Amino acid sequence: MKITDIQLGHISIPLKKPFKTALRTVNSVEDLVVKVITDTGHTGFGEAPPTAVITGDTTGSIADAVEGYIKKQIVGLDIENIEEIMLRIDKALIKNTSAKAAVDIAIYDLFGQLHKAPLYKLLGGYRDKITTDITISVNEPEQMAKDSIEAAELGYNTLKIKVGKDSNTDMQRMKAIRAAVGYDINLRIDANQGWKPKEAVMVLRKMEDAGLNIEFVEQPVIAHDFEGLKYVTDNVSIPVLADESVFSPADALKIMQMRAADYVNIKLMKTGGIHNALKICSMAEVYGVECMIGCMLESKISVTAAVHLAGAKSIITKIDLDGPVLCSEDPIVGGAIFKNFEITLDNSPGLGFKSIGNVVW
């Protein structure tokens, strides 16, 4: 099964409601889709979102990275030699993690098809069902409380609350949400780098004192400030999860060695795909650091790859893969099965896609 061509397409899917964080507001998924074609007629699919404020990747840069650099490095290689393929993808150019991830995912899709097995079974086979949280966008406290009630009524037991725009209002937001949903619902918060280290400690201690019962706080400070992240971790009782700080296995290793965070978030678009994500999982197992698996605003294509990784590895204990359920429609046939908070995998080879709609090739 040799790679003969790589094609790029664009997928557009409106969201049910605007997605708002401390960094951006988004109304639709506008991602690039990668199709890797082989001489046996098998095709593998991957996806890359242009998340410039986080990864630095734009639609143009992703397309140029795939077509101008990665493609010529791997066309002609056999899918069976996955290590060589991944080395070439990684060395084709620096950074450009979303482009690398899209091709990486398509290759792993084909790897599963080659061996006639679902990918999660080849990578570890730990489970075929996981439960995700759902994101509550940052808005006025009253709106966020309403959105939280709606999510709870759909059966979600864990809500990820976007904060980080203003620490005083963030406190009001969390009080309103906790009052609205009660204490049977698990709340985790994501500041998306929105606070300074001392500000983060101040607001998190207030949340502790108010008895808001926060499971953990995700990325309270700017991504490159590992010392600031450690300062927060050392000075609050609420556990800290590193997200934007983790772009590579080297980043994850440094955070674990520094004990700069309690948990590490793996996102395929930051790690450059499954190959590097597996390395982070191995490090986490050695250091005893539990991981969360997350996603950007992505369709079911790349999120299915993240589900397979979560299905494979027991060190991934927290799931934040709500991208597809935030979309107003699902044009992809096959892949992981999303029923609100419950995500399941079947025995289809690879990632299990049957057809990909809404793509302009």
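The values are calculated or read from the model by the stated rules, or taken from the named source; none is laboratory data. Predicted model, so just to flag it, every value in this text is computed and none were measured. Quick reminder, even Gly has a Cβ in these numbers, built from the backbone with ideal geometry, and neighbours come from all protein chains shown.
Any residue at all in region 314-329 that's assigned by TED's automatic domain parsing to the domain that holds SER237, in contact with a helix residue (DSSP H, G or I) (Cβ under 8 Å, 6 or more places away or on another chain) and modelled with pLDDT under 95? So far as region 314-329 goes, no, none of its residues is assigned by TED's automatic domain parsing to the domain that holds SER237, in contact with a helix residue (DSSP H, G or I) (Cβ under 8 Å, 6 or more places away or on another chain) and modelled with pLDDT under 95.
Please go through region 75-99 and pick out each residue that is of a type in the set (Val, Ile, Thr) and buried (at least 22 other Cβ atoms within 10 Å of the Cβ). Before the answer, list the steps.
Kept after step one, since they are of a type in the set (Val, Ile, Thr), are these residues of region 75-99: 75, 79, 82, 85, 89, 94, 97.
Matches in region 75-99: ILE79, ILE85, ILE89, THR97.
Considering the conditions (1) exposed (fewer than 15 other Cβ atoms within 10 Å of the Cβ); (2) in a strand (DSSP E or B), ARG188 is excluded by exactly one of them, (1). Annotation note: Cβ proximity below 7 Å between a residue of region 299-314 that is farther than 9 Å from ILE343 by Cβ and a residue that is buried (at least 24 other Cβ atoms within 10 Å of the Cβ) and of a type in the set (Asp, Glu) (sequence gap 6+ or interchain) occurs for SER299/ASP31; SER299/GLU47; ILE301/GLU47; SER302/GLU47. Of THR135, THR158, all but one fail to be β-branched (Val, Ile, Thr), assigned by TED's automatic domain parsing to the domain that holds ALA310, surrounded by fewer than 20 Cβ atoms within 10 Å (Cβ to Cβ) and under 29 Å from ASP57 (Cβ atoms); the exception is THR158. Which of the residues that make up region 29-49 are surrounded by fewer than 22 Cβ atoms within 10 Å (Cβ to Cβ), in contact with a Ser or Thr (Cβ under 8 Å, 6 or more places away or on another chain) and within 16 Å of SER302 (Cα to Cα)? Answer for region 29-49, where residues must be surrounded by fewer than 22 Cβ atoms within 10 Å (Cβ to Cβ), in contact with a Ser or Thr (Cβ under 8 Å, 6 or more places away or on another chain) and within 16 Å of SER302 (Cα to Cα): GLU30, LYS35.
Going by the structure shown, is ALA179 surrounded by fewer than 21 Cβ atoms within 10 Å (Cβ to Cβ) and either of a type in the set (A, V, I, L, M, F, W, C) or more than 22 Å from the chain's Cα centre (by Cα) (or both)?
Details: surrounded by fewer than 21 Cβ atoms within 10 Å (Cβ to Cβ): yes; either of a type in the set (A, V, I, L, M, F, W, C) or more than 22 Å from the chain's Cα centre (by Cα) (or both): yes.
Against the criterion (surrounded by fewer than 21 Cβ atoms within 10 Å (Cβ to Cβ) and either of a type in the set (A, V, I, L, M, F, W, C) or more than 22 Å from the chain's Cα centre (by Cα) (or both)), ALA179 qualifies.
Each row is one residue, and each column tells you yes or no for (1) more than 17 Å from the chain's Cα centre (by Cα); (2) on the phi < 0 side of the Ramachandran plot; (3) in a strand (DSSP E or B).
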position	(1), (2), (3)
ALA106	no, yes, no
LYS121	yes, yes, no
THR135	no, yes, yes
VAL138	yes, yes, no
SER148	yes, yes, no
TYR156	yes, yes, no
ILE161	no, yes, yes
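Suppose we filter region 1-28 for residues that are under 30 Å from ARG173 (Cα atoms) and out of contact with any Asp or Glu (no Cβ under 7 Å at 6 or more places or on another chain); how many remain? I'd like the intermediate steps shown before the answer.
Narrowing region 1-28 to residues under 30 Å from ARG173 (Cα atoms): 13-28.
Keeping just the survivors that are out of contact with any Asp or Glu (no Cβ under 7 Å at 6 or more places or on another chain) gives 14-28.
Counting residues in region 1-28 that are under 30 Å from ARG173 (Cα atoms) and out of contact with any Asp or Glu (no Cβ under 7 Å at 6 or more places or on another chain) gives 15.
Counted as qualifying within region 237-295 are the strands (runs of 3 or more DSSP E) with 3 or more residues that are touching a residue at least 40 places away in the same chain (Cβ under 8 Å) and either within 22 Å of MET207 (Cβ to Cβ) or in contact with a Gly (Cβ under 9 Å, 6 or more places away or on another chain) (or both), namely 263-267.
Please verify whether VAL232 is assigned to a strand (DSSP E or B) and either charged (D, E, K, R) or touching a strand residue (DSSP E or B) at 6+ places or on another chain (Cβ under 7 Å) (or both), treating the condition exactly as stated. I'd like the intermediate steps shown before the answer.
Values: assigned to a strand (DSSP E or B): no; either charged (D, E, K, R) or touching a strand residue (DSSP E or B) at 6+ places or on another chain (Cβ under 7 Å) (or both): yes.
It is false that VAL232 is assigned to a strand (DSSP E or B) and either charged (D, E, K, R) or touching a strand residue (DSSP E or B) at 6+ places or on another chain (Cβ under 7 Å) (or both).
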